[in-house]
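The values are calculated or read from the model by the stated rules, or taken from the named source; none is laboratory data. Because the structure is predicted, anything quoted here is derived from the model rather than measured. FYI the Cβ positions are ideal-geometry reconstructions off the backbone, even for glycines, and counts take in every protein chain you see.
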Amino acid sequence: MFRGQSLLKIDAKGRISIPARFREIISVRHAGRLVLSQGFFPEFPHLLLVPMDAWEEFERNFGSEALFDTDLGMFQVRLRTMGACEEARIDEHGRILVPSIHRDYAGCTSEIACVGMGRYLSLWKPALLEKAMARAEKNLADIRGNLAARGGRSTGP
């Protein structure tokens, strides 16, 4: 599982160094193979960095059956996810390239916040991550309710 946050520098070529604790998980459990795609919330544009095996599971569920799209909703799912993704490989220095189209989408120029989200990582413009975290804090009662509905226990303040 990916947990925690790191602030990363984007180099002149658009590369970021994956934190060592995440690199180890990616290398050992996922053979170093990742998919980079765009997130799903227009008010919080961010990027997803998903291990290839988890991404392939997603594709089996949402996109690889029909050769041609006849359902507009499924077409949009495939266009938004598969059309906006590409494979990312960790180089010998622990870096991945974040192409300019993805950096532009997320608004990242010199820094990127890398957040562990369990089965995947999310990459954010640091100021936008702060805004998203503030909104989550504001909605903490709803978050606790959702956790309780899923069988979790709400403990703490």
Open item on the list: Conditions first: (1) out of contact with any helix residue (DSSP H, G or I) (no Cβ under 6 Å at 6 or more places or on another chain); (2) surrounded by 13 or more Cβ atoms within 10 Å (Cβ to Cβ); (3) of a type outside the set (Ser, Thr, Tyr). Residue 134 passes all but one, so which condition is the exception?
Closed with: (2)
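Determine which member of the set 111, 57 is in contact with a strand residue (DSSP E or B) (Cβ under 8 Å, 6 or more places away or on another chain), more than 19 Å from residue 24 (Cα to Cα), among the charged types (D, E, K, R) and modelled with pLDDT of 85 or more. Spell out the reasoning first.
Working: 57 fails: in contact with a strand residue (DSSP E or B) (Cβ under 8 Å, 6 or more places away or on another chain).
Exactly one residue qualifies, and that residue is 111.
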Task: Looking only at the range 61-93, and only at residues there that are exposed (fewer than 12 other Cβ atoms within 10 Å of the Cβ) and touching a helix residue (DSSP H, G or I) at 6+ places or on another chain (Cβ under 8 Å), the one that is modelled with the lowest pLDDT - done: 66
TODO: For residue 149, work out the one condition from (1) surrounded by fewer than 13 Cβ atoms within 10 Å (Cβ to Cβ); (2) modelled with pLDDT of 90 or more it doesn't fulfil.
DONE: (2)
Task: Options 58, 41: the member that is farther than 17 Å from residue 116 by Cα, out of contact with any Lys or Arg (no Cβ under 7 Å at 6 or more places or on another chain), among the hydrophobic types (A, V, I, L, M, F, W, C) and surrounded by 15 or more Cβ atoms within 10 Å (Cβ to Cβ) - done: 58
Open item on the list: Suppose we filter 128, 123 for residues that are assigned to a helix (DSSP H, G or I), under 27 Å from residue 20 (Cβ atoms) and not hydroxyl-bearing (Ser, Thr, Tyr); which single one remains?
Closed with: 128
- [ ] Please work out which one of (1) free of Cβ contacts under 8 Å to residues at least 24 places away in the same chain; (2) aliphatic (A, V, I, L, M); (3) outside any helix (DSSP H, G or I) is the condition residue 112 fails and give its number.
- [x] (1)
Task: Filter result for residue 22 (within 25 Å of residue 132 (Cβ to Cβ), free of Cβ contacts under 8 Å to residues at least 12 places away in the same chain and within 14 Å of the chain's Cα centre (by Cα)) - done: no
Open item on the list: If I ask for residues that are over 18 Å from residue 107 (Cβ atoms), surrounded by 17 or more Cβ atoms within 10 Å (Cβ to Cβ) and more than 14 Å from the chain's Cα centre (by Cα), which ones from the range 3-19 would you list?
Closed with: 17, 19
Task: the range 1-31, residues that are part of a loop (DSSP other than H, G, I, E, B) and either of a type in the set (A, V, I, L, M, F, W, C) or within 19 Å of residue 118 (Cβ to Cβ) (or both) - done: 1, 3, 4, 10, 12, 18, 19, 31
Open item on the list: Being within 15 Å of residue 46 (Cα to Cα) and either touching a residue at least 60 places away in the same chain (Cβ under 8 Å) or crowded, with 17+ Cβ neighbours inside 10 Å (or both) is the requirement here; does residue 121 meet it?
Closed with: yes
TODO: Would you please name the residue that is farthest from residue 125 (Cα to Cα), looking only at residues in the range 25-52 that are without any contact (Cβ under 8 Å) to a residue 40 or more places away in the chain and in contact with a strand residue (DSSP E or B) (Cβ under 8 Å, 6 or more places away or on another chain)?
DONE: 29
